[in-house]
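Remarks on the structure that follows.
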Amino acid sequence: AQSVTQLDSQVPVFEEAPVELRCNYSSSVSVYLFWYVQYPNQGLQLLLKYLSGSTLVKGINGFEAEFNKSQTSFHLRKPSVHISDTAEYFCAVSDRNDYKLSFGAGTTVTVRA
Amino acid sequence: ETGVTQSPTHLIKTRGQQVTLRCSSQSGHNTVSWYQQALGQGPQFIFQYYREEENGRGNFPPRFSGLQFPNYSSELNVNALELDDSALYLCASAVEGFYGYTFGSGTRLTVV
């Protein structure tokens, strides 16, 4: 079984400042890793994913994440945020054999002008 | 456009009733999963179907059941509704070979 810990429940940030959302996972098997964004009253939108290959993954809207196997982390970063990045962000992990997603509790990002 | 459509978007039911939630996926999406997201929490895995067979289940009681149909649609049934079943229910589908899930916008279920 896998588990995900998102280390920050809330992250306030000023517009055009950088942001980092931290995610650690535990698993006894090889995994796939994902970051999803959820805007109010909406479903989940995939930001980026790590399936294999390069550990630095680039996603939509200027986000990127780095897979660190030794530290079992998959932190999400954006160099300059916009007001429209205000949302809930979820880190998720799945077993490479069964594809079931385990989610973290989420990080609320609030971008202020 | 997400490619995964859920209906209805909102639903209010009384405790003890039964409910059916529906999901329509893109052609070729052979895997479908359902998740429950309580307010302020991350989604929790309910179950997964692959080619119309259940192939994984989370920690949910048997009154949560599902079906997947050949036309890439699926449904989630919940019997004997309880107040704690109030949540956003998300459907997610994936193509053969799995490159990640596409999620629908969800059905917001309120049990009163």
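The values are calculated or read from the model by the stated rules, or taken from the named source; none is laboratory data. Just so we're clear, the structure is a prediction, and the values are computed from it rather than from any experiment. When we count neighbours, we look across all protein chains shown, and the Cβ atoms used for this are built from the backbone with ideal geometry, even at glycine. Heads up: the accessible areas ignore ligands, DNA and RNA and are worked out on the full protein's heavy atoms, side chains in. Shrake-Rupley method; radii C 1.70, N 1.55, O 1.52, S 1.80 Å.
Can you tell me which residue within region A:71-85, out of those that are assigned to a loop (DSSP other than H, G, I, E, B) and closer than 25 Å to A:Ser3 by Cα, is nearest to the other protein chains (Cβ to nearest Cβ)? Let's see the steps before the verdict.
To start, the set of residues in region A:71-85 that are assigned to a loop (DSSP other than H, G, I, E, B) comprises A:71-72, A:79-82.
Add one more test, that the residue is closer than 25 Å to A:Ser3 by Cα, and what stays is A:71-72.
On the way: A:Gln71: 21, A:Thr72: 18 Å.
Filtering first and then ranking leaves A:Thr72.
How do the pairs read when you match residues in region A:32-49 that are without any contact (Cβ under 8 Å) to a residue 60 or more places away in the chain and more than 7 Å from chain B (Cβ to nearest Cβ) with residues anywhere that are open to solvent by less than 50 Å² (accessible area, probe 1.4 Å) and of a type in the set (Val, Ile, Thr), using Cβ under 6 Å and keeping only pairs 6 or more apart or on different chains?
A:Gln45/A:Val37; A:Leu47/A:Val37; A:Leu48/A:Val57
Taking region B:69-79 on its own, how many of its residues are at pLDDT 95 or above and open to solvent by less than 40 Å² (accessible area, probe 1.4 Å)?
Adding up the residues that qualify gives 5.
Just wondering, is there one or more residues in region B:18-40 that are more than 27 Å from A:Phe90 (Cα to Cα) and either basic (Lys, Arg) or within 13 Å of chain A (Cβ to nearest Cβ) (or both)?
No: zero hits.
Considering every residue within region A:98-106, establish whether at least one is part of a strand (DSSP E or B), more than 10 Å from chain B (Cβ to nearest Cβ) and open to solvent by less than 30 Å² (accessible area, probe 1.4 Å). Spell out how you get there, then give the answer.
Within region A:98-106, the subset part of a strand (DSSP E or B) is A:101-103.
Restricting the remaining residues to those that are more than 10 Å from chain B (Cβ to nearest Cβ) gives none.
No: zero hits.
Quick test for you: out of A:Val13, A:Val37, pick the one residue that is open to solvent by less than 50 Å² (accessible area, probe 1.4 Å), modelled with pLDDT of 95 or more and more than 25 Å from B:Val4 (Cα to Cα). Walk me through how you get there before you give the answer.
Numbers: A:Val37 fails: more than 25 Å from B:Val4 (Cα to Cα).
Going through A:Val13, A:Val37 in turn, just one is open to solvent by less than 50 Å² (accessible area, probe 1.4 Å), modelled with pLDDT of 95 or more and more than 25 Å from B:Val4 (Cα to Cα): A:Val13.
Let me spell it out: the conditions are (1) over 16 Å from B:Leu81 (Cα atoms); (2) modelled with pLDDT of 95 or more, and B:Thr2 meets all of them except one. Which number is the exception?
Every condition holds for B:Thr2 apart from (2).
Taking the condition more than 19 Å from B:Ser24 (Cβ to Cβ), hydrophobic (A, V, I, L, M, F, W, C), more than 10 Å from every other protein chain (Cβ to nearest Cβ) and touching a residue at least 12 places away in the same chain (Cβ under 8 Å), does B:Leu81 pass? Reasoning before the result, please.
Numbers: more than 19 Å from B:Ser24 (Cβ to Cβ): yes; hydrophobic (A, V, I, L, M, F, W, C): yes; more than 10 Å from every other protein chain (Cβ to nearest Cβ): yes; touching a residue at least 12 places away in the same chain (Cβ under 8 Å): yes.
Yes; evaluated as a whole, the condition is true for this residue.
Could you tell me whether any residue of region B:12-21 is surrounded by 18 or more Cβ atoms within 10 Å (Cβ to Cβ) and out of contact with any Leu (no Cβ under 8 Å at 6 or more places or on another chain)?
Looking through region B:12-21, none of the residues is surrounded by 18 or more Cβ atoms within 10 Å (Cβ to Cβ) and out of contact with any Leu (no Cβ under 8 Å at 6 or more places or on another chain).
For a quick check of your reading of the model, give me the residue pairs whose first member lies in region A:65-79 and is open to solvent by less than 30 Å² (accessible area, probe 1.4 Å), whose second is among the small types (Gly, Ala, Ser) and in a strand (DSSP E or B), with beta-carbon atoms closer than 9 Å and at least 6 apart or on different chains.
A:Phe67/A:Ser73; A:Phe74/A:Ala65; A:Leu76/A:Ala65
Tell me which residues, restricted to region A:8-23, are under 16 Å from A:Phe67 (Cα atoms) and either outside any strand (DSSP E or B) or of a type in the set (D, E, K, R) (or both).
Just the residues of region A:8-23 that are under 16 Å from A:Phe67 (Cα atoms), to begin with: A:20-23.
Passing the criteria: A:Glu20, A:Arg22.
Got at least one residue in region B:48-66 being of a type in the set (Lys, Arg), in contact with a strand residue (DSSP E or B) (Cβ under 6 Å, 6 or more places away or on another chain), within 17 Å of B:Phe103 (Cβ to Cβ) and open to solvent by 80 Å² or more (accessible area, probe 1.4 Å)?
Checked region B:48-66: no residue is of a type in the set (Lys, Arg), in contact with a strand residue (DSSP E or B) (Cβ under 6 Å, 6 or more places away or on another chain), within 17 Å of B:Phe103 (Cβ to Cβ) and open to solvent by 80 Å² or more (accessible area, probe 1.4 Å).
Any idea which of (1) open to solvent by less than 50 Å² (accessible area, probe 1.4 Å); (2) polar (S, T, N, Q); (3) under 11 Å from the mean Cα position of the chain (by Cα); (4) within 14 Å of chain B (Cβ to nearest Cβ) is the one A:Thr5 doesn't satisfy?
If we test A:Thr5 against (1) open to solvent by less than 50 Å² (accessible area, probe 1.4 Å); (2) polar (S, T, N, Q); (3) under 11 Å from the mean Cα position of the chain (by Cα); (4) within 14 Å of chain B (Cβ to nearest Cβ), just (1) comes out false.
From (1) open to solvent by 20 Å² or more (accessible area, probe 1.4 Å); (2) within 12 Å of another protein chain (Cβ to nearest Cβ); (3) touching a residue at least 12 places away in the same chain (Cβ under 8 Å), pick out the condition that doesn't hold for B:Tyr101.
Every listed condition holds for B:Tyr101 apart from (1).
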